[in-house]
1. Mark the label point 7 Å from the Cα of residue 168 along Cα→Cβ and return the residues of segment 23-41 whose backbone N is within less than 19 Å of it.
2. In whole Hz, what ³J(HN,Hα) sequence does segment 70-76 give by Karplus (6.51, -1.76, 1.60; θ = phi - 60°), x for Gly and Pro?
3. Can you sort 61, 43 so the residue with the fewest Cβ neighbours within 10 Å comes first?
4. Full extension from residue 161 to residue 98: what is 0.36 nm times the residue separation minus their Cα-Cα distance, to one decimal in nm?
5. Please compute the length gained on full extension between residue 75 and residue 123, using 0.36 nm multiplied by the number of residues separating them and subtracting their Cα-Cα distance.
6. Please list the non-local residues whose amide H lies under 5 Å from the amide H of residue 19, H modeled 1.01 Å from N, same-chain partners needing a gap of 5 or more.
7. Enumerate the calculated ³J(HN,Hα) couplings along segment 168-174 in order (Karplus 6.51 cos²θ - 1.76 cosθ + 1.60, θ = phi - 60°), each rounded to whole Hz, writing x wherever the residue is Gly or Pro.
8. Enumerate the amide H contacts of residue 2 below 5 Å, restricted to partners 5 or more residues apart or on another chain; note that Pro and chain-start residues carry no placed amide H.
Amino acid sequence: MSAIRLLVLGAVKQHGRAHGYQVRNDLEFWGAHEWSNAKPGSIYHALKQMAKQGLLEADEIAPSTAGGPPRVEYEITEAGRAEFLRLLRAALSTYEQQADMLSAAVGFLVDLPRAETVALLRERVRALEAYRETVVSYWTPEGGPEDFGHIGEIMNLWLHSADSGRAWTLGLIERIEGGAYVFAGEGEPFVGILPEGQENPYATGPHPGDAAMR
């Protein structure tokens, strides 16, 4: 699955209506350019592609008084909301995710009801346990990974990844069930977006496509 799709849909959804530079600014504010492929070119490409696919609605508004091309603003459609939730649920419930996809999903997990989030995370725990059993069924060295030569370290890595992923997920479930965070339907949600005009301390600087996408 693509983290950039989830990130861009989520950023537009939080704004309600946003232009490309706002979306890029938010993702950089979240540090997504460091842990995912949320680079300027990828962001603008995703906006255009998802507009073509009907997940976003694109509207041109008048150019600024300083001139330049019309600014394109985006709103998420009903199809876009469905796709956002599909990606989010899949990323939270399965174990075979890249770190960027899981990180993106954690950033939006409060968009779901608390009980549903816990249920999805419990699915992830079960999937991790099943995956670990599969690895163990093929790899059961008596003396440790050295029994398989250095290749045994690959399976050892898989086991440690499954164990650490399970431990982290169970900890998150415990915190959520203990009342942490504000989930959908519980009150005013956390929205980590930059207000219009506020300086972004994590901005990576201008990009050639910014003027056309603002």
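1. Hits in segment 23-41 for residue 168 at 19 Å: 30-38.
2. Coupling constants for segment 70-76: x, 7, 9, 10, 10, 10, 7 Hz.
3. Final ranking by Cβ density, sparse to dense: 61, 43.
4. Taking residue 161 through residue 98 to full extension adds about 21.5 nm, to one decimal.
5. On the way: separation 48, 0.36 × 48 = 17.28 nm, distance 3.16 nm.
Stretched out fully, the residue 75 to residue 123 stretch lengthens by 14.1 nm.
6. Here 74 satisfy the definition.
7. 5, 5, 5, x, 5, 4, 4
8. Close amide H contacts, sequence-distant or interchain: none at all.
Laboratory data are not the source of any read-out in this text; all were calculated from the coordinates shown. None of these values were measured; they are calculated from a predicted model. Virtual Cβ from ideal backbone geometry, glycine too; neighbours counted across all protein chains shown.
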